[in-house]
Amino acid sequence: MQSVPFDSPWRPARLRGPSLPGFATILFISFVVFLATRATECLVFAQKVQTPNIVFIMADDLGYGDLGCYGQKLIRTPRLDQMAEEGTRFTDCYAGSTICAPSRCVLMTGQHTGHTRVRGNMAKRGGTLGWKRNKRVRRMHLTDEDVTVAQVLQRAGYRTCQIGKWHLEGYEPTAVPDRRGFDQVYCKLMHDPGTDGYYPKKRYCNGRMVDVPGNQAAARATYDTDLSTQEAIDFIKRNVDRPFFVYLSYMCPHDPYAVPDLGPYAHKDWTNSQKTYAAMITHLDACVGRILDTLKQTGIDQRTIVFFCSDNGPRSAGKAEETRTMEFFDSNGLLAGYKRDMTEGGIRVPMIVRWPGKVPAGRTDDAVWYFADFLPTAAELAGVEPPAGIDGISVLPTFLGREQKTLSDRFLYWEYFERGFQQAVRWRNWKAIRPRLGQPLQLYDLARDVSESHDVAAQHPDVVQRIEAYLKTARTESENWPVKGR
C-alpha cells in the first residue's frame with residue numbers, strides 16, 4: 001500500500017504539519033484501520049443477518065387434499081392450516097416427478113426429469129445394484145458432477161443440514177448427502193436396512209451409523225417423525241447466529257402405516273388403516289408446529305422462510321386398502337390419479353410458504369411453479385448466482401407478492417419410465433400427457449377441467465402443435481433411462 005505524505009491534501013487539515021509525532025501517526029493510522037476493519041466485519045455480519053434461513057419440509061406421499069387448508073374435512077391439521085394463514089398457500093405447485101427419487105433429484109439440482117441424473121426409482125441400465133424386498137434391482141445416484149442446492153448455499157456461507165429420507169444415493173455409499181453439500185446429516189439410507197421403518201434401529205450421521213435410542217432389538221420407543229423433528233430443532237438451536245438451510249424430509253405418511261397412538265381417531269368408526277393414516281398426518285402436523293415454535297422461541301422467526309410440501313401424490317404401492325383409504329379421505333380432492341400417474345393427482349402437491357413480514361399472510365396464489373424452481377429461488381435468497389444450465393427459475397418475486405409474468409408462459413416438463421416412457425407438459429392452463437412412446441398427446445384445459453376428464457386435443461390442434469414442438473427439445477437422452485432404440 002502506498003503511504004500518504006504527511007502534508008498530503010488527503011489528510012485531515014487538523015493533522016497536517018510536523019507537530020504530530022511519528023509514533024502517534026502510526027498509532028492513529030492503526031486505529032483508523034482497526035475501525036475500518038470492524039466496520040467491514042459489522043457490515044458483513046449485518047448482511048448475513050439479513051440473509052434468511054431456509055427450512056424446507058417435505059412429507060412423503062401426502063395427498064393434495066390431505067390438509068385442512070386444501071379442503072380436507074376429516075383429518076385435523078391445525079398447525080399447517082395456521083402456517084397457511086400466516087403465509088401463502090399455492091394451488092398450482094408441482095413436484096419434480098410422480099415418484100420419490102426423481103422428484104427429490106429435481107428439487108436438489110434445479111433440473112427437470114428430462115435432464116436430471118436420477119429419472120426414476122429404478123434405473124434401466126448402469127447405476128448400482130442392491131436389494132429391495134428380496135429382489136435385485138439397480139438404482140442411479142447423484143454424482144460429483146451434479147450441483148445441489150446445498151452446495152450452492154454452502155458456498156454462500158450457509159450451514160446446511162439434511163434430515164430424514166435422502167433417496168438419492170441409489171445403493172452407492174459415496175453418494176451420501178454429506179458428500180453432496182450438507183454439513184450435518186442425520187438420515188435413512190437405501191443401502192442400509194437398519195435405517196428403514198418408522199422405528200429405525202440406526203441412522204446415518206456424517207460418515208457413521210449411530211444407534212437410535214430405544215429402538216434396539218425389538219423395542220419401539222422412538223418414532224421416526226419425532227426423531228427427525230428433534231434433530232431439526234437441535235440443529236436450529238445450534239445455528240441461530242448464522243444463516244442455515246435445513247432440508248427435513250419426513251417419511252410420513254408413506255406406507256406401511258404406523259403411528260405411536262391413534263389420537264383423536266381412536267374411537268372413530270373407521271378401518272384401522274383410515275385411523276392410522278389420519279393419526280400419522282395429525283402427528284406430522286404437530287411436529288411441524290414444534291419447528292415453527294422453535295423459530296419463534298429462538299427469535300429467528302422473522303428471518304426464516306419455511307416451505308412445506310409433499311414429494312408426489314398419495315398412495316405408495318397401490319394396495320386395495322390404501323386406495324380405499326385415499327378415497328375415504330378424498331386425498332386428492334378434484335385431482336385425478338395417484339402417485340405413479342402423470343395426471344394432476346400424481347404431480348400436483350400442496351405447497352405452503354411462510355416468511356413473516358415478507359411473504360404475504362393469508363394469501364392463496366395460483367402461480368404455476370415446480371420443484372426445479374427451488375434451487376434458483378434459494379440462490380437468490382442467499383444473494384448468489386445459481387448454476388448455469390438449470391431448468392428452474394427463481395420465484396422469489398412471486399413469494400413476495402409481486403407479479404411475475406415469466407411464470408405464466410413457460411413450459412414445465414415431466415417424464416416417467418415405470419409404465420413405459422410417459423411424458424407430461426404444463427403450458428399456461430393447458431396440460432398435455434403422452435401415455436406411451438409414439439402415441440398422440442392428450443390435452444386438458446385445467447382452467448375448466450382440473451380433473452382431466454375431457455381430452456380436447458382434437459379441438460385445439462394449434463396448442464398440440466406448440467407443445468409437440470417444445471417436446472422435440474425438452475429432454476436429453478439418459479444412459480441410465482434410454483428411450484431411443486428401445
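Laboratory data are not the source of any read-out in this text; all were calculated from the coordinates shown. This is a predicted model, so every value here is computed, not measured. So basically every Cβ, Gly included, is an ideal-geometry build from the backbone, and we count neighbours across all protein chains shown.
Each residue, residue 364 and residue 133, gets one label point 7 Å from its Cα in the Cβ direction; the gap between the two is 3.8 nm. The label-point distance for residue 145 and residue 465, in a model that sets each label 7 Å from Cα toward Cβ, rounds to 3.7 nm. Ordered by the count of other Cβ atoms within 10 Å of each Cβ, fewest first, 467, 163 give 467, 163.
The amide H of residue 428, built 1.01 Å from its N in the peptide plane, has 410 as neighbours under 5 Å, considering only residues 5 or more places off or on other chains.
Here the extension length gained between residue 421 and residue 324 equals 32.1 nm, from 0.36 nm per residue of separation less the Cα-Cα distance. Neighbour counting of Cβ atoms within 10 Å sorts the residues 209, 122, 108, 351, fewest neighbours leading, into 209, 122, 351, 108.
Taking packing as the residue-averaged number of other Cβ atoms within 10 angstrom, the listed peptides 329-342, 132-145, 88-101 run from highest to lowest as 88-101, 329-342, 132-145.
Per-residue packing, averaged as other Cβ atoms within 10 Å, sorts the ranges 364-373, 437-446 into the order 364-373, 437-446, beginning with the highest. The gain in end-to-end length when the residue 479 to residue 317 segment is fully stretched comes to 55.6 nm, 0.36 nm per residue minus the alpha carbon separation.
Net charge dipole, the chain: roughly 860 debye, given to the nearest 20, about the Cα centre with Cβ charges of +1 for Lys and Arg and -1 for Asp and Glu.
If you add up the charges near residue 216, with Lys and Arg at +1 and Asp and Glu at -1, over every other residue whose beta carbon is less than 11 angstrom from its beta carbon, what do you get?
+2
Computed extension length for residue 91-residue 453: 128.4 nm, one decimal, from 0.36 nm per residue of separation with the Cα-Cα distance subtracted.
Annotation for residue 234 and residue 409: the two label points, set 7 Å from Cα along the Cα-Cβ direction, are 5.2 nm apart. Rounded, prolate or oblate, given the Cα gyration tensor of segment 413-471, with a/c below 1.5 counting as rounded? Taking the square roots of the gyration eigenvalues as a ≥ b ≥ c, segment 413-471 is prolate. Listed by chain and number, the aspartates and glutamates whose alpha-carbon sits under 17 Å from that of residue 132, ignoring those within fewer than 8 places in the same chain, are 169, 172, 192, 196, 255, 418. Only DSSP H runs of four or more residues enter the estimate; each adds -39500 (n - 2.57), and after division by the residues of the chain the mean residue ellipticity at 222 nm equals -8500 deg cm²/dmol. Shape call for segment 342-416 from the C-alpha gyration tensor, a ≥ b ≥ c root eigenvalues: rounded (a/c under 1.5), prolate (a/b greater than b/c) or oblate? Verdict is oblate for segment 342-416. Other residues whose C-beta falls under 14 angstrom from the C-beta of residue 249 contribute a net charge of -1, scoring Lys and Arg +1 and Asp and Glu -1.
Which FRET efficiency value, to the nearest 0.05, is calculated for residue 125 and residue 428 with the Förster distance at 45 angstrom and r the Cβ-Cβ distance? Don't skip to the answer; put the middle values down first.
Working: r = 36 Å, r/R0 = 0.80.
Between residue 125 and residue 428 the formula returns 0.80.
Find the centroid of the Cα atoms in segment 123-169 and in segment 46-108, then give the distance between the two in whole Å. Taking the Cα centre of segment 46-108 as reference, the centre of segment 123-169 is 21 Å away. Protection proxy ranking for 263-269, 252-258, 448-454, 380-386, using the average of other Cβ atoms within 10 Å per residue and placing the highest first: 252-258, 380-386, 448-454, 263-269.
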